[in-house]
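Participant: Take this structure first; my questions come after.
Just so it is clear, none of the values below were taken in a lab; they were calculated from the coordinates. Here the structure is a predicted model, which is why all the values come from computation and not from measurement. So basically every Cβ, Gly included, is an ideal-geometry build from the backbone, and we count neighbours across all protein chains shown.
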Amino acid sequence: MARSTFEEVAWTEIINPWMTGHWIDSTITTSKMRPDDPFADTGPVLERLLKAGVAKDDICRLARHVSYESCFEMLTTMEEEKLCEEGLHEGFLSGDPSGMDGRPGSWPIAKENPQRKAGISVTPLLIVAKAAEMDISPDGTQVLAAPGSVSSGLVTVWNVNSKAEINSFKSLPNIRGAVFSPNGKSIAIGAHSGAMSVHDAATGRQVWKSKSTNCEISDVAWTSDGTAVMCAGSDKWLNIRDAKTGKEIARLEVDGSRFVSRVAVSHDGLTLAAASFSDTRGSLATFWNFKTREQVITFKIEDYRVFQLSGDGTQLLAGGSRGVFFYSPQDGRQIRSLKITDVGEVAQSPDGQLLAVTDSMDPFRIFDAHTGELLKTMDFKKAWLWKPVFSRDGKLLALPADRKGYVYEVDKLLAK
């Protein structure tokens, strides 16, 4: 990376974003919802500062300064260890896009990101309460909602058309994944404790529950035929269990990884994929032959947080703060990329035409998956946004926002 490019990225994507202040409300909200998460003690500190009368702008100035000092120290250390070219830290201040080298008056200088421009709200088809995790049944008639609360494990299932609650049931506390089975008759749940469970979707009856592993689950998925469920989490294993009994079928190790963040299965059921993070190699994608459990390929990806196989299984979508990237599962080659900013979660429509993008804060955005053109923005008034989900036919979109769940008709979202 050229020096000028590095300085631009460091200032525009690492240092100056603290100037917006979005992170203050989102940190406080997250700390309340997930008090056991890393750095969850930051939320109460921010609340005390605000209660004491400290202005948000002043907190942001401190955060921006700390971010700059961290970048500077990292550069200095990397140069000393000969991990990068010499002299990068010299003149680092000159990269400040205000031209003022970080001096008083350089705050604020950033223009509003056009990709974060508040958009027109659209009336949802359905609004449900207490939703940090959502999924839409395969036939598109039901939606489930589950909170991310430490104490609550309440899962609610709604009829999309009648807007009536079908049932609600108590599952595992601190839910970190809730997904309908391919036939819509069962629901798989993953929890912060590392436990999994499967419930009857119609009655809420618990079919089975696995023991807690004390390794946080971050993603849950079904095989395409519904015979097994899988989970990824804070250990280095990908666990596969029999959907009927909960018995562990296989435990696949992701070589050299500290944790596994995402899991995906191709629609034909032949390919299993996982995103992980390695201290030495960074973000990785690993693919297996599902029938033989043989590892096929592992390659580097831009970021482990966003991870989805295309409907036909020919492309892998991955990404994070630097954008969205598409890879070939066959050889790990990067096919193309889209420079989309503020990427926290992404859902690609089943036909591969749309990307629904959320960040920790609003607005919610929809992009053309091929050109990166911004098609829609919606303002949720600084609400915390979670992972969006398309229905299997691509006609509906579920979006958890501000502890509520919204279901939209995609054609109405895109209507001018």
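Participant: Looking at the stretch 20-68 only, could you name the residues that are of a type in the set (F, W, Y) and out of contact with any Ser or Thr (no Cβ under 9 Å at 6 or more places or on another chain)?
Facilitator: Y68
Participant: Being surrounded by fewer than 22 Cβ atoms within 10 Å (Cβ to Cβ), assigned to a strand (DSSP E or B) and in contact with an Asp or Glu (Cβ under 8 Å, 6 or more places away or on another chain) is the filter here, so list the residues in the stretch 300-324 that pass it.
Facilitator: Result: G320, G323.
Participant: Continuing with the same structure: Considering only residues that are small (G, A, S) and in a strand (DSSP E or B), look in the stretch 162-201 and name the one that is surrounded by the most Cβ atoms within 10 Å (Cβ to Cβ).
Facilitator: Residue satisfying both the conditions and the ranking: G190.
Participant: Taking the stretch 368-412 only, how many residues are closer than 19 Å to V343 by Cβ and over 20 Å from the mean Cα position of the chain (by Cα)?
Facilitator: 4
Participant: For a quick check of your reading of the model, give me the residue pairs whose first member lies in the stretch 168-183 and is closer than 21 Å to K32 by Cα and free of Cβ contacts under 8 Å to residues at least 40 places away in the same chain, whose second is part of a loop (DSSP other than H, G, I, E, B) and hydrophobic (A, V, I, L, M, F, W, C), with beta-carbon atoms closer than 8 Å and at least 6 apart or on different chains.
Facilitator: L172/A195; P173/V150
Participant: Based on this model, can you work out whether L375 counts as closer than 26 Å to D139 by Cα and of a type outside the set (S, T, N, Q)?
Facilitator: Judged against the criteria, L375 is not a match.
Participant: Considering only the stretch 280-299, how many residues are surrounded by fewer than 17 Cβ atoms within 10 Å (Cβ to Cβ) and either outside any loop (DSSP other than H, G, I, E, B) or of a type in the set (F, W, Y) (or both)?
Facilitator: Here the count works out to 6.
Participant: Would you confirm, using the coordinates I've provided, whether A164 is without any contact (Cβ under 8 Å) to a residue 24 or more places away in the chain and of a type in the set (A, V, I, L, M)?
Facilitator: Working: without any contact (Cβ under 8 Å) to a residue 24 or more places away in the chain: yes; of a type in the set (A, V, I, L, M): yes.
Yes; evaluated as a whole, the condition is true for this residue.
Participant: Looking for whichever is surrounded by fewer than 18 Cβ atoms within 10 Å (Cβ to Cβ), more than 21 Å from S137 (Cα to Cα) and not aromatic (F, W, Y) here; the options are D359, D331, D393, D342. Which one fits?
Facilitator: From the options D359, D331, D393, D342, the qualifying one is D331.
Participant: Within the stretch 396-412, count every residue that is over 15 Å from F180 (Cβ atoms) and either surrounded by fewer than 19 Cβ atoms within 10 Å (Cβ to Cβ) or β-branched (V, I, T) (or both).
Facilitator: Here the count works out to 7.
Participant: What residue, of A275, A264, A318, A250, is in contact with a strand residue (DSSP E or B) (Cβ under 6 Å, 6 or more places away or on another chain) and under 17 Å from G194 (Cα atoms)? First the steps, then the outcome.
Facilitator: Numbers: A275 fails: under 17 Å from G194 (Cα atoms); A264 fails: under 17 Å from G194 (Cα atoms); A318 fails: under 17 Å from G194 (Cα atoms).
It is A250.
Participant: What pairs come out if I take residues in the stretch 270-289 that are without any contact (Cβ under 8 Å) to a residue 24 or more places away in the chain and pair them with residues that are surrounded by fewer than 21 Cβ atoms within 10 Å (Cβ to Cβ) and of a type in the set (V, I, T) whose C-beta lies under 9 Å away, six or more apart or interchain?
Facilitator: N289/T271; N289/V296
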